[in-house]
Amino acid sequence: MDGDEEGVVGPMGDEAMFPNGGGDGQQQRGSKAVMGGEQMDVEAYASLYTGRTKVTRLLFIADRCGNEGMQLEALRLAYDEIKKGEDSQLYREAASKIAGRLGPQYTLDQAWADSIDRRAEQRKDKLENELSGYKTNLIKESIRMGYNDLGDFYYAHGQLGDAFKNYVRTRDYCTTSKHIIQMCLNVILVSIELGQFMHVSNYVSKAEQTPDTLDPVTVAKLRCAAGLAYLEAKKYKLAARKFLETGPELGNNYAEVIAPQDVATYGGLCALSSFDRTELKNKVIDNINFRNFLELVPEVRELIHDFYASRYASCLEYLENLKPNLLLDIHLHDHVETLYTQIRHKAIIQYTHPFISVDLHTMADAFKTGVAGLEKELEALITDNQIQARIDSHNKILYARHADQRNATFQRVLQTGVEFERDARAMLLRANLIKHEYNQRAARKI
């Protein structure tokens, strides 16, 4: 680094990056209503999902949002969705949470719940009798279908543990790769609902090891499932890779688990927290497939480009605007604080890296924070050995501790000289020993 850089403050990124050409019109694309900085549009959010995950996400929002209007909207949508299915236990749970606040139309319909339970009991007996007959006749395909039907039945009625057991039992009766993949996807779906992400990882691996080539939609589903498993395990770099590898074929084909907007959000935030600048450019910004997902969530797309272009204030502002809605996400809520902290620390490290000295007042302005708070963050990063620098607390200047290249070069030269002298002495000694025949010959075998 040249000496005339002394005293320079402010970021020095690579070339400035503008999202897909950077026009104002392009910033308006995508589904902004779902995950924007404003209050979440619960109905638009719920429309991205189907089945049980739609209900569990709505109930999760109702439990955590802290806003009565949003809570009642989520409960109303969950109630309507549950009544389309056969899970009487989940229905009772939603009705008890509503507690009559939505009028007589959304109170507990005991007659409906009892009729569902009666039909469920009859259906269960019928399926078990059919399965028993199949086992007697030893028809593998029929037994597989019987277990599958029982698994579907238990899943529809919210008995996820029993659904898991029956789906797993089909494994011994699978005769084709298609059967194995169907079994794996069923087990993965139930495992995600149960929060058993170790099973998710195991069955993703089983599906990927099938001898037949997987179709692109199945590959995309498996990538998403693996990404969720790594996210839950806090392996953010591996999670980012899986989400980034997800193909556009996913579309709305996995709405019972994840939406394309989630792929963009999870993948983008995990990449920001764990990738270096080169990886961010090559694997995220220049990734044509992932760009299709990012178009659905313009805020995530913009904050990634702002981070790469060293526009940290704008990047952190996008993150803060997204935070309330991300805390209502059933998979991401536990990781938001960790991811945000890692992204902020990476931004601070990236800001300070090119310079010999940085004015903390200017840096605080760039990060829209106070000097005292910034100083504490820098102290933590220096203590953690993530930034090689020292702080002048009086003048509020950060000085980089760069290695003395001149001294390091001299030390390397001296070390090389010592090693050369040692090797030369060893060679001379060996030559003299051979010359005077002081070498030991191996005894001949008789």
Quick one: which residue in 94, 113 is open to solvent by less than 70 Å² (accessible area, probe 1.4 Å), in contact with a Lys or Arg (Cβ under 8 Å, 6 or more places away or on another chain) and either modelled with pLDDT of 85 or more or closer than 23 Å to residue 65 by Cβ (or both)?
113
Subset of the stretch 194-216 (residues that are more than 14 Å from residue 232 (Cβ to Cβ) and open to solvent by less than 40 Å² (accessible area, probe 1.4 Å)):
203, 207, 210, 214
Give the stretch 286-317 a look and list any residue that's touching a residue at least 60 places away in the same chain (Cβ under 8 Å) and of a type in the set (Ser, Thr, Tyr), or say none.
308, 310, 312
Regarding residue 253, is this residue polar (S, T, N, Q), assigned to a helix (DSSP H, G or I) and at pLDDT 90 or above?
no
Going by the conditions given, is residue 100 modelled with pLDDT of 90 or more, more than 32 Å from the chain's Cα centre (by Cα) and open to solvent by less than 70 Å² (accessible area, probe 1.4 Å)?
no
Within the stretch 265-277, identify whether any single residue is among the β-branched types (Val, Ile, Thr), in a loop (DSSP other than H, G, I, E, B) and at pLDDT 90 or above, and answer yes or no.
no
Within the stretch 55-70, of all residues that are free of Cβ contacts under 8 Å to residues at least 40 places away in the same chain and open to solvent by less than 20 Å² (accessible area, probe 1.4 Å), the one farthest from residue 39 (Cα to Cα) is 55
Which of the helices (runs of 4 or more DSSP H) contained wholly in the stretch 335-446 include at least 3 residues that are under 26 Å from residue 276 (Cα atoms) and open to solvent by less than 90 Å² (accessible area, probe 1.4 Å)?
336-352, 360-366, 371-383
Being of a type in the set (A, V, I, L, M), over 21 Å from residue 229 (Cα atoms), over 29 Å from the mean Cα position of the chain (by Cα) and crowded, with 19+ Cβ neighbours inside 10 Å: is that true of residue 138 here?
no
Is at least one residue of the stretch 120-127 of a type in the set (A, V, I, L, M, F, W, C), in a helix (DSSP H, G or I) and within 18 Å of residue 158 (Cα to Cα)?
yes
Residues in the stretch 77-85: is at least one open to solvent by less than 60 Å² (accessible area, probe 1.4 Å), closer than 19 Å to residue 158 by Cβ and assigned to a loop (DSSP other than H, G, I, E, B)?
yes
Extreme residue, most open to solvent (accessible area, probe 1.4 Å), among residues of the stretch 217-250 that are assigned to a loop (DSSP other than H, G, I, E, B) and on the phi < 0 side of the Ramachandran plot:
235
Condition check: open to solvent by 50 Å² or more (accessible area, probe 1.4 Å), touching a residue at least 12 places away in the same chain (Cβ under 8 Å), in contact with a Lys or Arg (Cβ under 9 Å, 6 or more places away or on another chain) and within 30 Å of residue 256 (Cβ to Cβ). Does residue 327 satisfy that?
yes
Any chance residue 163 is in a helix (DSSP H, G or I), open to solvent by less than 70 Å² (accessible area, probe 1.4 Å) and within 30 Å of residue 69 (Cβ to Cβ)
no
Tell me the residue from 267, 151, 158 that is within 15 Å of the chain's Cα centre (by Cα) and open to solvent by less than 60 Å² (accessible area, probe 1.4 Å), please.
267
I need every pair where a residue in the stretch 251-270 that is among the aliphatic types (A, V, I, L, M) has its Cβ under 9 Å from the Cβ of a residue that is assigned to a loop (DSSP other than H, G, I, E, B) and open to solvent by less than 10 Å² (accessible area, probe 1.4 Å), sequence separation at least 6 or different chains.
255/49; 257/49; 258/49; 259/49; 263/246; 264/297; 269/332
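The values are calculated or read from the model by the stated rules, or taken from the named source; none is laboratory data. Treat the numbers as computed from the prediction; the structure is a model and nothing was measured. Every residue, glycine among them, receives a Cβ derived from its backbone with ideal geometry; neighbour counts consider all protein chains shown. Surface accessibility is based on the protein's heavy atoms, side chains included, excluding ligands, DNA and RNA. Shrake-Rupley method; radii C 1.70, N 1.55, O 1.52, S 1.80 Å.
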